[in-house]
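Some notes on the structure that comes next.
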Amino acid sequence: MAKATLLILKLLMILICAGWITLWILKPTQLWTKKWHTAEDSARTTVFGYYGLNFVVYTFPVIALAAIGFVYLDLQSRESRRRQARRSPSVLSNPLVVNSYLGVLSALEILAVSLFFLYLAWTFYVHISNDFEKMVPAKSLKSYSTISNAGKKMTPAESLKLNTRQFKFLRVATRFGLLAEACLALLLLPVLRGMALFRFVGVQFEASVRYHVWLGTAMIFFATFHGVSTLIVWGIKDRIQDEMGKWQKTGRIYLAGEIALVTGLVIWITSLPPIRRKRFEIFYYTHHLYIVFLLFFLFHGGDRHFYMVFGGVFLFGLDKLLRIIQSRPQTCILSARVFPCKAIELVVAKDPGLKYAPTSIIFMKIPSISRFQWHSFSITSSSNIDDNTMSVIIKCGGWWTNSLSDIIHAELDSGSNQMKCIPIAIEGPYGPASLDFLSYDSLLLVAGGVGITPFLSILQEITSTQSSIRYRFPRRIELIYIMKNSQDICLLNPILHLLQNQSAEQWHLKLKVFVTQEEECGATIRDLLNGFCQVQVVNFASKCSSYAANGLENLLWMAAMAGLSSVMFLVFLSSLNHAFLPSQDKSSKEKSPSWVADILLICSFIIAILCSTIVAIVLRWRKLRREIPPVSQKEGKAKEGLMDTRGTALEEHEIHFGGRPNFQDVFSKFPKETGGSHIGVLVCGPETMKESVASICSQTSQCCNMGNDQKRKSNFSFHSLNFTL
């Protein structure tokens with residue numbers, strides 16, 4: 001029964017998605033234009049009016065996909081608890097192109113990008129063809145404004161007195177604006193967290209952010225060409241001063257478009273890697289100008305064009321408010337462990353019922369450092385082992401992390417016995433919908449620097465579920481850890497017991513450490529662990545908060561909120577339009593300024609989202625009233641030493657100084673050592689390292705020699721893990 005329901009839901013999502021895509025493909029055609037005008041005229045006499053038709057056709061399919069998708073994920077997670085089969089590697093998801101500018105691209109990603117650009121070319125060609133067909137032959141008119149019928153409103157091209165070449169150039173510029181609109185329709189979907197649509201296809205939030213970057217760059221390019229080309233035409237006709245400041249009653253509001261373009265350029269420029277990495281605060285705060293951008297885009301394009309992009313905007317607004325509610329009330333830091341390598345492990349309280357998958361990330365805000373900044377970190381603990389706490393490891397490098405380090409060290413250096421209480425707000429955890437990406441015969445884990453953190457949770461998860469019959473995890477795992485300095489080995493502290501105590505009957509873990517900036521010193525893994533794994537611990541007071549991190553609401557609850565919000569929006573939109581635009585016939589609507597309909601849309605959206613927020617707040621506080629108080633730890637300071645390392649298990653692990661690993665050699669030997677045919681390759685660290693591994697992974701997947709007498713294909717499935725944006 002569950003399988004049949006999952007199949008029905010999957011088919012329904014495919015049909016909705018296919019219908020929405022078909023709508024975009026047909027929209028530029030004359031056939032669609034004629035049919036749509038007829039449908040709008042018929043809808044004006046209904047209770048919902050033409051705006052209801054636009055919302056249902058253009059916007060609601062995206063919201064419906066989110067709601068149905070949440071139900072599908074909920075049923076899928078319940079089904080996966082009953083059984084789990086081995087994962088078959090997908091050819092389409094493996095690396096196909098590895099480029100220093102584009103990164104690692106799979107065949108599926110290249111196909112999707114190619115189809116999207118094909119659509120852009122199609123819609124541009126159809127629009128331009130239709131525009132040029134409607135042109136009056138140049139031999140019959142000297143310009144496009146020499147003749148105007150009495151009482152007929154002139155078009156912008158007619159009012160500017162453009163010749164044939166200028167008119168064509170202006171139409172090309174106008175149609176580039178529609179290409180920017182298509183990019184904007186998808187722009188916000190990759191950065192949804194709780195309402196994430198990409199979870200349905202197994203793409204996590206931190207990985208889909210690059211799609212947001214690609215779409216944003218394309219949108220700014222098209223919008224800039226659209227705006228600059230229009231300015232050029234105005235300049236040729238010496239009309240820049242007359243046209244730029246126009247806030248016309250109906251039609252395109254040029255001033256709003258100029259404000260939106262300038263705002264978009266500021267957002268894009270400050271998000272470039274040099275600024276984002278070195279001046280994160282500038283990037284973070286200017287990115288919130290998206291509110292200004294969307295507002296003036298609505299005034300520039302009008303409500304009909306805005307409905308095309310409103311699906312992503314609607315889900316993003318709902319997602320944002322639900323995340324704000326989820327991060328309230330604040331919890332507190334229970335303890336901190338200070339490592340020698342300028343890294344800190346924070347332990348925070350969580351509800352015992354909160355479960356999360358390995359590689360999950362959380363967003364953290366510490367108001368005592370910044371009241372507005374959120375930073376993402378990978379969870380290093382396992383919810384199957386730690387019922388009441390979860391932990392993250394933070395490598396200090398920027399202003400925010402250094403400020404946190406200063407607070408921790410100030411407590412360590414203080415002579416006071418009264419520990420400070422540090423409130424902290426948490427969003428998440430956000431993680432994979434299933435553990436299929438771990439169900440390989442063998443795993444090859446490649447970590448660089450602080451990129452080891454996702455693998456700490458993976459290894460602890462595998463340990464905690466070895467006795468479970470529900471999950472089938474790999475029996476052989478090799479962890480390659482690349483670090484600049486040997487003291488970074490202290491980040492392995494959470495899995496020391498796994499390195500020392502292994503049962504060959506259940507699973508086997510082998511560690512290979514590569515120290516790139518130090519020469520051979522004769523030290524062993526045991527020597528480095530003994531030398532660098534001593535940490536200082538401070539247990540903080542927890543009196544400032546009686547709450548623990550609760551995580552996201554369940555998937556069915558999210559589906560209900562998406563559906564409820566959309567229905568309320570349509571009801572409020574219909575009511576406000578009938579109140580302020582009583583007559584919906586075409587002639588009367590033209591008497592009202594076009595921006596009135598835009599304001600009513602904004603008001604309806606705000607009211608619907610606020611009503612949904614009130615419902616969410618009530619349900620949230622009812623849940624918190626039943627919450628178990630967080631675990632409190634004894635306040636104070638301590639020094640934590642290394643576990644007993646006298647066993648022989650550490651001797652089989654390897655350490656290499658003065659260079660990076662030869663991945664070609666690693667990939668050729670690994671299948672022979674493990675004997676598995678389906679091998680998962682998980683990589684987390686610098687982009688250059690990911691590209692190297694992806695390139696060799698793609699080459700080696702073709703064929704590996706598994707013996708002297710026979711050849712057997714070994715399938716390497718590449719997975720890139722990220723936790724920084």
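Remarks
- Under 5 Å from the amide H of His508 lie the amide H atoms of Arg476, Ile477, each residue being 5 or more positions distant or on a separate chain, with H modelled from the backbone and absent for Pro and chain starts.
- Long-range HN-HN contacts of Phe514 with modeled amide H, under 5 Å: Tyr481, Ile482, Met483, His656
- Residue-wise HN-Hα coupling along segment 182-198, computed from phi with Karplus coefficients 6.51, -1.76, 1.60 (Hz; x: Gly, Pro): 5, 5, 5, 4, 9, 4, 8, 5, x, 9, 6, 10, x, 8, 4, 7, 6
- Ranked packing of 59-71, 540-552, most packed first, by mean Cβ within 10 Å: 59-71, 540-552
- Projected label distance in nm at Thr217 and His287, using a 7 Å step from Cα toward the beta-carbon: 1.6 nm
- For segment 257-296, averaging the sequence separation of C-alpha pairs within contact (under 8 Å, six or more residues apart) and dividing by the residue count gives a relative contact order of 55 percent.
- Sequence-ordered 3J(HN,Hα) estimates for segment 109-124 from the Karplus curve with 6.51, -1.76 and 1.60 and θ = phi - 60° stand at 5, 5, 4, 5, 5, 4, 5, 5, 5, 5, 5, 4, 5, 5, 5, 5 Hz, glycine and proline given as x.
- Counting only protein heavy atoms and a 1.4 Å probe, segment 286-352 has 27 square angstrom of accessible area per residue.
- Percent carbon-and-sulfur accessible area, segment 652-691, ignoring ligands, DNA and RNA, probe 1.4 Å: 45 percent
- Per-pair calculated FRET efficiency, R0 = 35 Å: Asp436 and Arg626 via Cβ, rounded to 0.05: 0.60
- Scoring 572-578, 19-25, 254-260 by mean Cβ neighbours within 10 Å over their residues and listing the highest first yields 254-260, 572-578, 19-25.
- Label point 7 Å beyond Cα of Ile614 along Cβ direction - residues of segment 310-336 with amide nitrogen under 20 Å: 317-326
- Listed cross-link partners Lys510/Lys669; Lys355/Lys543; Lys27/Lys237 are compared with a 21 Å cut-off, the Cα-Cα value being larger for Lys355/Lys543; Lys27/Lys237.
- In terms of distances greater than 25 angstrom between alpha carbons, the cross-link table entries Lys512/Lys672; Lys395/Lys623; Lys484/Lys690; Lys34/Lys134 yield Lys395/Lys623.
- The Ile599 and Asp527 beta-carbon pair, evaluated with R₀ = 56 Å, returns a calculated FRET efficiency of approximately 0.20.
- Debye, to nearest 20: dipole size of segment 189-293, +1 on Lys, Arg Cβ, -1 on Asp, Glu Cβ: 260 debye
- The peptide list 359-365, 3-9, put in order of mean Cβ contacts within 10 Å with the highest first, becomes 359-365, 3-9.
- Couplings for segment 543-554, taken from phi via the Karplus curve 6.51 cos²θ - 1.76 cosθ + 1.60 with θ = phi - 60°, read 6, 6, 8, 10, 10, 10, 5, 9, x, 6, 6, 5 Hz in order; Gly and Pro are left as x.
The values are calculated or read from the model by the stated rules, or taken from the named source; none is laboratory data. Everything numeric here is computed off the predicted structure, so don't read it as measured data. Counting neighbours? That spans all protein chains shown, and the Cβs are built from the backbone with ideal geometry, glycine included. These accessible areas exclude ligands, DNA and RNA; they are computed on the full protein's heavy atoms, side chains included. Shrake-Rupley method; radii C 1.70, N 1.55, O 1.52, S 1.80 Å.
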